[in-house]
Amino acid sequence: GMPNTSGLVNRRNVIATSDATVVSRLKQAGAIPLGVTNCSELCMWYESSNRVYGRTNNPYDLQRIVGGSSGGEGSVLAAACSVIGVGSDIGGSIRMPAFFNGVFGHKPTTGLVPNDGQFPNARGVRTSFLCTGPMCRYAEDLELMLRVMAGPGVSRLKLNEKVSLEKIKFHCMDHDGGSVFVSPVDKEILQAQKKVVEHLEGELGVQVQHVAIHKMKYSFQIWSAMMSSKDSDGQDAQLFTDLLGDHGKPVWPLWELMKWLVGMSSHTLPAIALGLTEKLMKLNPGGNAKLVSMGKSLQEEMEALLGPDGVLLYPSHPTIAPRHHSPICMPFNFAYTAIFNVLGLPVTQCPLGLSSEGLPLGIQLVAAPYNDHLTLAVARYLEKAFGGWVSPGKV
């Protein structure tokens, strides 16, 4: 009974006739849906703005973005409109909004929570990268929601195991190694991460191992190549351009760009740009194959590093919530979250108080597949240590 536009003008009148699986499970468990929240056009950009509902603003500073694609969800949680929410994540669409809005977000281990019932849904190889997960103002709610959303799949996790934080092997990586496509990590984000390391070492008596994983420098290229690769049956990944034409005529990105320049396109510039760039990806199949191979190698390296008891500390994004429209200038900064989608690892975004400008800081907690219980436990611990969500009204 709710709108199901995904920010696409042609879907303005589409009303959902059934609940997504996760929504159905949450309702059965007693959750009360308040509504659907805003997203980027077709959920493929990290600013939540579209031609159906307009732009969502950050509660900490209305001139700043809320992230995307689940940006509206991050915003309502931060503004205390609701306490728990559902997001989906194929390149950081849970974790970026959670970071920019100072709340918790969890991208579960791949394949754990069903994606059924959302639009757009993943097809082909992308079914291995899209994750649906909880977004919450308080860390303790992440596990409760994950148990319900995963349904029978929860048996593959160890959520009933008591986690001894002192026995976790902590690793820390300050940045991706200096990708030319991505902004340098903001000093205040680095300082917040350093405080976490010092706190863990001082209070838990653990030794946090600093690591430099060379392939992380190519995070954007790896994600992009794996997103456009064929699945095991040889099926091509669905074209974003085809999705843009949903409930309407076929879309020609170059023609839409010309229309956009004179204010006549019903699509946003990021969506048009993505339609154009996916054509370019098809021009270098050899290079893409090498990057896919590098991604598989990185996955093995990361799983070996983390093992059964490891947690990696890694920035949630290179910059604090940017101003509106500025993502266009640095379109690939989402690589800091996106790489973990193609690696299939569970990740929890944890807030770490506010910057000198009163904007949220945070960190990603990463573990090996099916070790979601480790990142959730560390998030609960860091919430107590650093205060978790801070009301925007206190800024």
Per residue, how big is the convex hull of the range 1-128 when only Cα atoms are used? Give it in Å³. 105 Å³
Can you list the HN-Hα couplings for the range 158-167, worked out from phi with the Karplus curve (6.51, -1.76, 1.60; θ = phi - 60°), rounded to whole Hz and with x for Gly and Pro? 10, 5, 8, 6, 6, 8, 8, 4, 5, 9
Radius of gyration and Dmax for the chain's Cα atoms, expressed in Å? 19.7, 61
The chain: most fluctuating residue of Gly92, Gly286, Gly54 per GNM, C-alpha cutoff 10 Å: Gly286
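Please compute the length gained on full extension between Lys187 and Ile32, using 0.36 nm multiplied by the number of residues separating them and subtracting their Cα-Cα distance. Show your work: numbers first, answer last.
Numbers: separation 155, 0.36 × 155 = 55.80 nm, distance 4.01 nm.
Fully extending the segment from Lys187 to Ile32 adds 51.8 nm.
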Pop the C-beta distance of Lys384 and Ser293 into the FRET formula with R0 = 45 Å and round what comes out to the nearest 0.05. 0.60
Write down the percent of antiparallel bridges among all DSSP beta bridges whose residues are both part of the range 9-394, to the nearest 5. 80 percent
Set the bar at 29 Å for Cα to Cα. Now go through Lys194/Lys217; Lys194/Lys230; Lys167/Lys290; Lys187/Lys215; Lys158/Lys290 and name every pair that lies beyond it. Lys194/Lys230; Lys167/Lys290; Lys158/Lys290
Peptide ranges 366-375, 190-199 listed from the most packed, as the mean C-beta count within 10 angstrom indicates: 366-375, 190-199
Roughly how far apart, in whole Å, are the Cα centres of the range 115-133 and the range 199-256? 13 Å
Within the chain, which complete DSSP H helices have Cα atoms spanning at least 15 Å along the helix axis and a mean Kyte-Doolittle hydropathy of 0.5 or higher? 140-150, 269-281
What dipole magnitude, in Debye to the nearest 20, does the chain give about its Cα centre under +1 on Lys/Arg Cβ and -1 on Asp/Glu Cβ? 540 debye
Starting from the Cα of Arg156, step 7 Å along the direction of its Cβ; do the same at Ala212; then give the gap between the two resulting points in nm. 3.6 nm
Report the calculated FRET efficiency for Glu166 and Asp116 (r = Cβ-Cβ distance, R0 = 45 Å), to the nearest 0.05. 0.70
Using a 1.4 angstrom probe, figure out how much accessible area the chain has per residue, in square angstrom, rounded to the nearest whole. 42 Å²
Treat each spin label as a single point 7 Å out from the Cα along the C-beta direction, and report the Val180 to Ser356 distance in nm. 3.2 nm
Convex hull (Cα only) mean projected area of the range 186-233, reported in nm² to one decimal: 5.6 nm²
Could you tell me the calculated FRET efficiency between Thr127 and Arg51, based on Cβ-Cβ distance and R0 = 45 angstrom, to the nearest 0.05? 0.95
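The values are calculated or read from the model by the stated rules, or taken from the named source; none is laboratory data. Quick caveat: nothing in here was measured; it's all calculated off a predicted structure. Note that each Cβ is placed from the backbone with ideal geometry, even for glycine, and that neighbours are counted across all protein chains shown. We work out accessible area using only protein heavy atoms, side chains counted, and drop any ligands, DNA or RNA first. Shrake-Rupley method; radii C 1.70, N 1.55, O 1.52, S 1.80 Å.
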